[in-house]
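What follows is one structure encoded as structure tokens, with my remarks underneath.
The values are calculated or read from the model by the stated rules, or taken from the named source; none is laboratory data. This one's a predicted model, so the numbers in the text were calculated from it and none came from an experiment. Cβ: placed from backbone, ideal geometry, glycine included. Neighbour counts: every protein chain shown. Heads up: the accessible areas ignore ligands, DNA and RNA and are worked out on the full protein's heavy atoms, side chains in. Shrake-Rupley method; radii C 1.70, N 1.55, O 1.52, S 1.80 Å.
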Amino acid sequence: MTDSWIRAAVEAIHATPTQAVLYLSGGASQALGWLMSVPGASNTVLEAVVPYSTTSMSQLLSKIPTQYTSRQTVEDLALSAYNRALKLSRPGVPVVGVGFTGALASIRPKRGDHKFFVSTRTSDQMSVSQVILSKGLRSREHEDKISSHFLLKAIADSCRVSVSFSSELNDSELCKDTEKQFTEDDELRQLINGEICMKIYPFSSDCQSSHSERKIILPGSFNPLHDGHLKLMEVAMSICGDGIPCFEISASNPDKPPLTVDQIKERVKQFEKVGKMVIISSQPYFYKKAELFPGSAFVIGADTAGRLINPKYYNGDYNRMLEVLLGCKNTGCTFLVGGRNVDGVFKVLEDFEIPEELKDMFISIPQEIFRMDISSTEIRQRMGTVTPNL
């Protein structure tokens, strides 16, 4: 770490709350060493992956890139890294996905340009730097160092850290920077379209006060949010002990059209008023939620628990039901089950026959601790609202 600005930049990056996932291919390897060699790296680096082989890159992006060293590929890497960072970080912590792809000096002479692309993706911005180097001017190590400078500068910019940066490029070498800004509406449209996996609204400070990484998630449509939901979360927290309380709304529904941007924003306002964290996700199914939020405790009603263990919802296949729910169990997820009216009868977890393999995954909320007979649907009916429960 010969350049003095590098250590200062890394220390400043580690001092910010921003956490990063890095996907680097074809260069910028020194930047990773700089980040990891300065104390405080665990504050910043959630994960770093080097998808160097074509198979590794294709599996990471779930497609075969048209060109491996290109603007499109580096944007795809940054977006994939951003989604991964959202999954690995604590809710509400700012994250950045970092992508790099390069074609630098190698053992054999390259027919094309020596070049690289750096991209960062945050909640509200996608930035890309494209650099074309003079062929034959520098060694591989020197080109890697220059690309590492650009990568470190890009991370610093995402963390809003000001650094004294000298690119070392000469006048004949090309550097092109572009940025795309995203509004809240843009993010929600990206969520609905499946580009990003979630958007977090951290209206609560509970994330900072919790010492646990575990999320206590109460999913629902919350149309409207009512006192029963808030009380149920309080009870769930008392049962689980330490954890991060999160309400969760899926933008998509397997049986209905997806929520619109305006509908999502209207429901989010309810949580802002009561100061509670809400996550908007793209996953309506619990086995997908378990992948998105591994190790979480999901707070559900007895009616939902009944559907989860009913082979009817798995094309009548009991073994398929077991396979799906054991998959959820393997992610470390559990279900806290509160009593609910089911076809006019108040039911609790004990009213259902849970398969032996799954019993330790379901935890009953005693009705003497929590019982709420009213639902959001009944509240809408009393208010004269005829909008379907999306």
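Between 0 and 90 degrees, the angle of helix 261-274 with respect to the longest Cα principal axis of the chain falls at about 70 degrees. Rounded to two decimals, the Cα radius of gyration of the chain over 2.2 N^0.38 Å is 1.14.
For Gly301, the residues whose amide H sits under 5 Å from its own are Gly338, ignoring neighbours fewer than 5 places away on the same chain, with H placed 1.01 Å from N.
The trypsin sites (Lys or Arg not before Pro) of region 155-230 that meet both conditions, a loop assignment by DSSP and at most 14 other Cβ atoms within 10 Å of the site Cβ, are Arg160.
Using the alpha carbons alone, the radius of gyration of region 57-115 stands to its Kirkwood radius in an Rg to Rh ratio of 1.10.
Gyration tensor analysis over the Cα atoms of region 197-337 returns equivalent ellipsoid semi-axes of 24, 19, 13 Å (largest first, whole Å).
Carbon-plus-sulfur accessible fraction, region 88-243 (probe radius 1.4 Å, protein heavy atoms only): 46%.
Placing +1 on the Cβ of every Lys and Arg and -1 on the Cβ of every Asp and Glu, with no other charges, gives the chain a dipole of roughly 680 debye about its Cα centre.
On C-alpha positions alone, give me the angle between the axis of helix 4-14 and the longest principal axis of the chain, in degrees, nearest 10. Around 0 degrees separate the two axes. Counting 0.36 nm for each residue step from Lys312 to Ala41 and taking away their Cα separation leaves a gain of 92.7 nm.
The angle separating the long axis of helix 140-158 from the principal Cα axis of greatest extent in the chain is about 40 degrees. The stretch between Asn330 and Ile107, if pulled fully straight at 0.36 nm per residue, gains 75.8 nm over its current Cα-Cα span.
Counting only chymotrypsin sites (Phe, Trp or Tyr not before Pro) that sit in a DSSP loop (anything but H, G, I, E, B) with at most 15 other Cβ atoms within 10 Å, what is the longest stretch of the chain containing none of them?
For chymotrypsin sites (Phe, Trp or Tyr not before Pro) (loop position, at most 15 other Cβ atoms within 10 Å), the longest site-free span of the chain is 53-284.
Taking all protein chains into account, the per residue accessible area for the chain stands at 48 Å² (1.4 Å probe). When both bridge partners sit in the chain, DSSP labels roughly 50% of those beta bridges antiparallel. With the cut-off at 1.5 for a/c, could you classify region 129-254 from its C-alpha gyration tensor as rounded, prolate or oblate? Prolate shape, in that a/c is at least 1.5 and a/b is the bigger ratio.
Relative to the Cα centre, the charge distribution of region 189-255, modelled as +1 at Lys and Arg Cβ and -1 at Asp and Glu Cβ, gives a dipole magnitude of about 100 debye. Taking a ≥ b ≥ c as the square roots of the eigenvalues of the Cα gyration tensor, region 1-155 is oblate, since a/c reaches 1.5 or more and a/b is not larger than b/c.
Cα-based radius of gyration for region 314-362, normalised by 2.2 N^0.38 Å, reads 1.27.
Fully extended, how many nm does the chain gain between Gln367 and Val49 (0.36 nm per residue separation, minus their Cα-Cα distance)?
Value of the extension gain: 109.7 nm.
P(r) of region 274-345 in 5 Å steps, Cα pairs, percent per bin? In whole percents, the pair-distance histogram is 3, 15, 21, 24, 20, 10, 4, 1, 0.
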